1. Based on what the data block shows, is Lys14 of a type in the set (D, E, K, R) and under 23 Å from Lys226 (Cα atoms)?
2. What number of residues in region 27-53 are touching a Phe, Trp or Tyr at 6+ places or on another chain (Cβ under 9 Å) and either among the hydrophobic types (A, V, I, L, M, F, W, C) or within 20 Å of Leu89 (Cβ to Cβ) (or both)?
3. Condition first: part of a strand (DSSP E or B), of a type in the set (A, V, I, L, M), touching a residue at least 12 places away in the same chain (Cβ under 8 Å) and open to solvent by less than 30 Å² (accessible area, probe 1.4 Å). Can you find one or more residues in region 304-315 that meet it?
4. Would region 342-356 turn up any residue that is in a helix (DSSP H, G or I), within 18 Å of Ala10 (Cα to Cα) and out of contact with any helix residue (DSSP H, G or I) (no Cβ under 9 Å at 6 or more places or on another chain)?
5. Show me the strands (runs of 3 or more DSSP E) found entirely inside region 4-45 where at least 3 residues are closer than 24 Å to Arg265 by Cβ.
6. I'd like the full set of residues that are over 30 Å from Asn44 (Cβ atoms), over 18 Å from the mean Cα position of the chain (by Cα) and either in contact (Cβ under 8 Å) with a residue 60 or more places away in the chain or open to solvent by less than 10 Å² (accessible area, probe 1.4 Å) (or both), limited to region 316-350.
7. Taking region 77-92 only, how many residues are open to solvent by 10 Å² or more (accessible area, probe 1.4 Å), touching a residue at least 12 places away in the same chain (Cβ under 8 Å) and either assigned to a strand (DSSP E or B) or on the phi < 0 side of the Ramachandran plot (or both)?
Amino acid sequence: MKSERKLQRAEGLKGSIAIPGDKSISHRAVMFGALAEGETVIDNFLAGADCLSTIACFRQMGVEIEQNGTHVRVKGKGMDALKEPSGILDVGNSGTTTRLMLGILAGRPFHSCIIGDESIAKRPMTRVTNPLREMGASIDGREEGNYTPISIRGGKLKGLKYTSPVASAQVKSAILLAGLQANQELTSVTEPHKSRDHTERMLRAFGAEVHEVGLTAEIKGGQTLKAAKVDVPGDISSAAFFLAAGAIVPNSRITLENVGINPTRTGIIDVLNKMGADLTIEEKGSNTHEPVADLTISTSSLKGTVISGDLIPRLIDEIPIIALLATQAEGETIIKDASELKVKETNRIDTVVQELGKLGAEVIPTDDGMIIRGKQKLSAEQASVSSHGDHRIGMMLAVAAMITDGEVSLDGHEAIDVSYPSFFEHVRALTGNTED
């Protein structure tokens with residue numbers, strides 16, 4: 001049975017909303033709290049499906065975690081207190097849980113098995129499992145450990161000097177977390193471009209020393225983590241959908257409060273500025289080593305641009321909504337160097353082309369991105385579009401419906417709960433529409 005939600009064109013977006021907690025930081029706060037000594041308190045935790053999977057997995061390893069909505073307490077007893085799980089660790093739809101937890105389990109002297117949903121079963125893992133094997137972990141799984149289910153028996157690890165072929169925070173984080181367990185040895189990760197650095201920042205917040213030189217991050221093994229207070233900033237990847245909506249829905253002016261503006265994540269802001277958006281940033285200091293700001297966006301006259309190179313790792317999750325932005329910009333927008341889109345929750349290149357095409361948009365796929373010619377009028381006569389189980393695609397299509405003539409039915413809207421459970425509540429608040 002299909003799960004459809006009827007969506008209508010918006011006449012304007014007005015007001016302020018507080019963006020839910022950052023998904024990447026929420027994951028890490030729970031994980032690091034589980035490895036630390038003492039009680040870690042987390043506020044503005046993202047109580048979405050992915051982050052709840054992280055909590056469930058660490059509870060299975062004997063960590064006491066209290067969660068009350070967005071408030072979480074993790075009662076850590078140190079890394080050595082983790083216990084062998086009696087059952088399979090189910091990560092659900094969460095690639096972050098899978099890859100970072102592999103880095104942690106690589107150094108634990110017990111056996112565990114990780115499984116996820118159908119989407120996770122298609123996502124490549126050798127980018128993590130191969131370097132972890134080099135460090136000394138015993139790992140097996142489908143296609144030699146490239147796909148879940150994955151079995152891992154951790155043990156004594158040695159340091160590794162690793163050059164990653166991809167700029168991936170998940171790969172870097174997994175190796176650094178394994179390196180933390182390589183007794184007194186140095187582990188380093190060098191990337192082709194700098195990926196998001198939430199792990200490095202949070203390790204410091206938990207008392208560890210991490211050094212960064214250019215594109216290399218390194219950590220010395222044997223360090224002890226100490227409990228911390230973590231105030232999670234709003235997720236800029238979630239804010240991106242309302243930033244786009246505010247820019248392209250006529251008669252709009254909205255403020256998004258307390259959004260994380262970590263420089264490794266602000267590619268969406270750079271793109272909006274390149275496209276000529278009416279965007280203002282009011283910086284508010286920092287939360288747990290993470291800078292935050294209030295972002296105000298108004299309806300804008302946008303122009304096409306080229307998005308490539310070092311910018312891509314800083315906005316890989318935002319490319320679906322950027323594609324929609326580009327349909328409303330004058331001129332051509334080219335997105336390239338984004339082959340990582342093919343191994344996300346869906347093949348986001350093909351999915352964006354397919355689903356926006358149902359609304360009359362012409363998006364031309366390429367091997368590593370897409371080409372969008374604007375400005376395009378979106379229209380549909382009771383069109384049915386699908387999230388394909390991908391939360392980013394679902395939110396992009398919901399924003400697309402705001403500028404589409406005709407009713408749009410969104411199939412699989414519940415996928416949005418993975419990262420933004422209050423998304424439609426916030427849509428109603430900004431549109432003034434009290435109906436569900």
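The values are calculated or read from the model by the stated rules, or taken from the named source; none is laboratory data. None of these values were measured; they are calculated from a predicted model. Glycine gets a Cβ as well: all are built from the backbone with ideal geometry, and neighbour counts include every protein chain shown. Keep in mind that these areas ignore ligands, DNA and RNA; they rest on the heavy atoms of the full protein, side chains included. Shrake-Rupley method; radii C 1.70, N 1.55, O 1.52, S 1.80 Å.
1. So Lys14 does not fit the description; no.
2. Residues of region 27-53 that are touching a Phe, Trp or Tyr at 6+ places or on another chain (Cβ under 9 Å), as a first pass: 29-36, 40, 46, 48, 51.
Applying the additional criterion that residues be either among the hydrophobic types (A, V, I, L, M, F, W, C) or within 20 Å of Leu89 (Cβ to Cβ) (or both) yields 29-36, 46, 48, 51.
Within region 27-53, residues that are touching a Phe, Trp or Tyr at 6+ places or on another chain (Cβ under 9 Å) and either among the hydrophobic types (A, V, I, L, M, F, W, C) or within 20 Å of Leu89 (Cβ to Cβ) (or both) number 11.
3. Among the residues of region 304-315, at least one is part of a strand (DSSP E or B), of a type in the set (A, V, I, L, M), touching a residue at least 12 places away in the same chain (Cβ under 8 Å) and open to solvent by less than 30 Å² (accessible area, probe 1.4 Å), which makes the answer yes.
4. Checked region 342-356: no residue is in a helix (DSSP H, G or I), within 18 Å of Ala10 (Cα to Cα) and out of contact with any helix residue (DSSP H, G or I) (no Cβ under 9 Å at 6 or more places or on another chain).
5. Because the criterion is at least 3 residues that are closer than 24 Å to Arg265 by Cβ, the strands (runs of 3 or more DSSP E) in region 4-45 that meet it are 14-18, 37-43.
6. Across region 316-350, the qualifying residues are Ala326, Thr327, Gln328, Ala329, Thr333, Ile335.
7. 11
Results for (1) touching a Lys or Arg at 6+ places or on another chain (Cβ under 6 Å); (2) closer than 30 Å to Val292 by Cα; (3) modelled with pLDDT of 95 or more, shown as yes or no for each residue.
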site	(1), (2), (3)
Gly136	yes, no, yes
Lys156	no, no, no
Thr163	no, no, yes
Lys172	no, yes, yes
Ser188	yes, yes, yes
Lys194	no, yes, no
Arg204	no, yes, yes
